[in-house]
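These notes concern the structure reproduced below.
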Amino acid sequence: MSATLYQQIQQFYDASSGLWEEIWGEHMHHGYYGADGKLKKDRRQAQIDLIEELLKWSGVQQAENILDVGCGIGGSSLYLAGKFNASATGITLSPVQAARATERAQEAGLGSRCHFQVANAQAMPFADNSFDLVWSLESGEHMPDKAKFMQECYRVLKPGGTLIMVTWCHRPIDESPLSADEQKHLQDIYRVYCLPYVISLPEYEAIARKLPLQNIRTADWSIAVAPFWDIVIDSAFTPQAIFGLLRSGWSTIVGALSLGLMRRGYERGLIRFGLLCGNK
């Protein structure tokens, strides 16, 4: 991971995570609004429902030692540790996130079982075969080398363990390449959200097959999660959020002002919400 990108991601989340928690809570990911995207629900419940739907879809019913790659402030880690009575380790590039996740674990009485640290997901500081569930919820889009990232997830996964990866993708390009306008739209998203690039779900599946991950399944849940961006946009223009944005700095303000890029990306079918799971 290049030092510049590493710093950009760290600084973006150092600056924005406190505001996100203040407005939205501990889960820094999409919500689930039913298969057709039409269910009306509390926004935080929608985020918890996404976790539960992912577990149901992947068939994961238990876990003992979980790795949360791109853990944010510990939302998924603590939820999964509590649900499965498991140990959880979370990694992030943001020292602010790691510190807050550690605080939240202690507040939840999970401090002895949940640990958070700053680490690079493309060079994880863990031994081979360490975790029976590797969970990556909306972090793959930040990785500059998608194959290396997935190789690391596979390396630290125990034999028989499950990888669940959910990531922003662009549409498949097997029938038609991305147009110049689509490429420009993606570049605008990359710049705002500190992404090197995204790939299509079939490209992720091809990487997974080379690992070689077994029992691979993929799904596109774009319709189910797309309403999330309308709700985020609405929440960004409350007095509480506006004051928070002013405190959080320019990169967070730019991110808020650019939320429409993601909404339009879903509307035109360019941005896809890709799921992949498999076993070692």
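Can you give the convex hull volume per residue for the Cα atoms of the chain, as a whole number of Å³? If you can, show how the numbers build up before the last one.
Numbers: hull volume 34.2 nm³, N = 280.
Each residue corresponds to 122 Å³ of Cα convex hull volume.
Among DSSP beta bridges whose residues both lie in the chain, state the antiparallel percentage, nearest 5. The partial results should precede the final answer.
On the way: 14 of 33 bridges.
In the chain, DSSP labels about 40 percent of beta bridges as antiparallel.
Rounded to whole Å and ordered largest first, report the semi-axes of the equivalent ellipsoid of the stretch 56-131 derived from its Cα gyration tensor (root of 5λ).
Details: eigenvalues 67, 53, 23 Å².
Equivalent ellipsoid semi-axes, largest first: 18, 16, 11 Å.
Limiting things to C-alpha atoms, what are the Rg and the maximum Cα-Cα separation (Dmax) for the stretch 38-89, in angstroms?
So, for the stretch 38-89, Rg and Dmax equal 11.7, 35 Å respectively.
Can you give me the relative contact order of the chain as a percent, contacts being Cα pairs under 8 Å and 6 or more apart? Walk me through the numbers on the way to the answer.
Values: 512 pairs, mean separation 59.0, N = 280.
Over the chain, the number comes to 21 percent.
Hey, if we sort Glu175, Glu205, Glu138, Glu103 by accessible area with the 1.4 Å probe, largest down, what's the order? Intermediate values should be presented prior to the final figure.
Numbers: Glu175 175, Glu205 50, Glu138 25, Glu103 90 Å².
Greatest to least solvent exposure: Glu175, Glu103, Glu205, Glu138.
Among the lysines, which have Cα under 23 Å from the Cα of Lys184 when same-chain residues fewer than 8 positions away are ignored?
Lys146
If you plug each phi of the stretch 31-36 into the Karplus form 6.51 cos²θ - 1.76 cosθ + 1.60 with θ = phi - 60°, what whole-Hz ³J(HN,Hα) values come out, in order, with x for Gly and Pro?
x, 10, 10, x, 4, 9
Leaving ligands, DNA and RNA out of it, report the carbon-plus-sulfur percent of the accessible area of the stretch 27-178 at a 1.4 Å probe.
Whole-percent figure for carbon plus sulfur exposure: 47.
If I take all pairs of Cα atoms in the stretch 1-104, what percentage of them are more than 17 Å from each other?
57 percent
Cα convex hull of the stretch 98-204: mean projected area in nm², to one decimal? Don't skip to the end; give the middle numbers.
Values: hull surface 33.8 nm².
Approximately 8.5 nm², given one-decimal rounding.
Which order do peptides 12-18, 214-220 fall in by mean Cβ count within 10 Å, highest first?
On the way: 12-18: 20.6, 214-220: 14.3.
With the highest mean Cβ count within 10 Å placed first, the list reads 12-18, 214-220.
Give me the one-decimal nm value for the distance between modelled label points at Phe126 and Gln187, 7 Å along each residue's Cα-to-Cβ direction.
About 3.7 nm separates the two model spin labels.
In a solvent-free Debye calculation with one equal scatterer on each Cα, what is log10 I(q)/I(0) for the stretch 65-108 at q = 0.15, 0.30 Å⁻¹, listed in the order of the q values?
Listed by q, the Debye log ratios stand at -0.29, -1.08.
Quick one: accessible surface of Arg100, probe radius 1.4 Å, all protein chains present, in square angstrom to the nearest 10.
It works out to around 60 Å².
I'd like to check one number: the per residue accessible area of the stretch 15-56, probe 1.4 Å, reported in Å² as a whole number.
Values: 1850 Å² over 42 residues.
Spelled out: the 1.4 Å probe surface of the stretch 15-56, per residue, equals 44 Å².
Write down the Kirkwood hydrodynamic radius of the stretch 45-173, to one decimal in angstroms, obtained as one divided by the mean of 1/r over all alpha carbon pairs.
14.7 Å
What residues have an amide H closer than 5 Å to that of Gly161, excluding those fewer than 5 places away on the same chain, when H is modeled at 1.01 Å from N in the peptide plane?
Hits under the 5 Å cutoff: Lys280.
The values are calculated or read from the model by the stated rules, or taken from the named source; none is laboratory data. Note that the structure is a prediction, hence the values are computed from the model and not measured. Please note: Cβ atoms are built from the backbone with ideal geometry, for glycine as well, and neighbour counts cover all protein chains shown. What goes into the accessible areas is simple: the full protein's heavy atoms, side chains included, and nothing from ligands, DNA or RNA. Shrake-Rupley method; radii C 1.70, N 1.55, O 1.52, S 1.80 Å.
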